[in-house]
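Contents: one structure, followed by commentary.
Any read-out appearing in this document is the output of simple, stated calculations on the displayed coordinates, not a laboratory observation. This structure is a prediction, so every number in the text was calculated from the model and none was measured. Positions of Cβ are backbone-derived with ideal geometry, glycine not excepted, and every protein chain shown enters the neighbour counts.
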Amino acid sequence: MTATVPTSTATTRAAVQREYTGPEAIRVETVERPTPGPGEVLVEVRAAGVDRGVWHLATGRPLVMRLMGFGLTHPRQPVAGSDVAGVVVGIGEGVTRFAAGDEVLGTATGSFAEHAIAKEGQLVRKPDAMSFAAAAVVPVSGVTALKAVERAAIEPGDRVLVLGASGGVGSYAVQLAVAAGARVTGVASGAKADLVRSLGATDVIDYRTTDVTALATIYDAIIDIGGLTPLRRLRRILGTEGTLVIVGGEGGGSLTGGAGRQLRASLVSLFTRQTLTGILAVTAAEPLEALTTRIVAGSLAPALTRTYPLAQAGTAVADLAAGRIAGKAAVVVQD
Ligand SMILES: NC(=O)c1ccc[n+]([C@@H]2O[C@H](COP(=O)([O-])OP(=O)(O)OC[C@H]3O[C@@H](n4cnc5c(N)ncnc54)[C@H](OP(=O)(O)O)[C@@H]3O)[C@@H](O)[C@H]2O)c1
């Protein structure tokens, strides 16, 4: 396919983070419009999903991230945002799956902008039945939840505990576990219990009033997305041959952010019949297709509860970090 690369002198409006000062410092600026390289696509952004990774990149926390190539003293990528839904307006050399005019969703570099660059392999076609805002909140959280639920190896009738059930990843994990035949108990703040029930959870436990690890119920699988509960306490309520999947959690130490739990889980797993594992999800076409197929079929729905204009992208990220968003939120760049 012939590359259609717009001129590099064109500009675009983007929500920019120049320092690791946090989401409050994200400002909309006019910047040079990016140009797609080989295997890349230029997307005219209609909506961008808000997720925890965007907060991590705005704060440079945990610090280990800075050593992983995201920028030692300031963000290497100045435009915030990753999840994207929009229209292809330019294609780089060697791109075969997309052409100008295609409506897509996936992950991009700097999606809180009127234009963003995405790798061809990290995009899929947006189903007509989905709005751009709903499509934009699928990629990172949906793919992560899909991987977590697959790793949990759920059998019909299993009792599954989802910690962090009201959040971005959790809102998909609850639905996917229910679809796999599980009886799901969700852990979330009381104010978001109705949302978690609406996603299919049979019971909801408020972590602010109740320690789920002190209760008598034993689970076949635990998907741990929020709260950094110590491994030994999680193992107490996990069946002898149960599976614990650690996805993440906030509030850990400033260096690693609590990622040591995943490492410890993998080590302890070698000496027990319980399966204890962490996951690292990477957005790719195959899991995105699996998710959009389920969404079109009506067995999965993005829990989009709030939208923000581009000018309030920083507020959206701050609201997420403060727990003010139930399920998912999107930055709507262009209606
Ligand atoms: N491993 C991976 O590949 C991967 C991929 C994506 C994300 N992550 C990580 O996964 C975590 C969740 O991401 P997200 O986008 O779902 O975040 P989110 O939307 O902010 O959701 C966080 C969830 O955790 C809950 N929570 C907070 N404190 C809790 C506690 N003490 N006990 C139980 N639940 C608690 C929140 O409940 P309330 O809001 O009701 O208070 C909310 O449901 C983050 O740490 C993120 O970095 C990992």
Quick one: residue 150 ticks every box in (1) in contact with a helix residue (DSSP H, G or I) (Cβ under 6 Å, 6 or more places away or on another chain); (2) surrounded by fewer than 22 Cβ atoms within 10 Å (Cβ to Cβ) bar one, so which box is it?
-> (1)
Can you pull out the strands (runs of 3 or more DSSP E) entirely within region 129-240 that have at least 2 residues that are among the acidic types (Asp, Glu) and over 19 Å from residue 291 (Cβ atoms)?
-> 203-206, 219-224
If you take the residues in region 42-84 that are over 19 Å from the mean Cα position of the chain (by Cα) and assigned to a strand (DSSP E or B), which one is surrounded by the fewest Cβ atoms within 10 Å (Cβ to Cβ)?
-> 44
Among the residues of region 270-284, how many are within 16 Å of the ligand (Cβ to nearest atom) and in contact (Cβ under 8 Å) with a residue 12 or more places away in the chain?
-> 8
Residue by residue through region 159-191, note down the ones that are more than 9 Å from the ligand (Cβ to nearest atom) and touching an Asp or Glu at 6+ places or on another chain (Cβ under 6 Å).
-> 159, 182, 185
Single match in 287, 302 (criterion: buried (at least 19 other Cβ atoms within 10 Å of the Cβ), of a type outside the set (Ser, Thr, Tyr), part of a helix (DSSP H, G or I) and more than 11 Å from the ligand (Cβ to nearest atom)) = 287
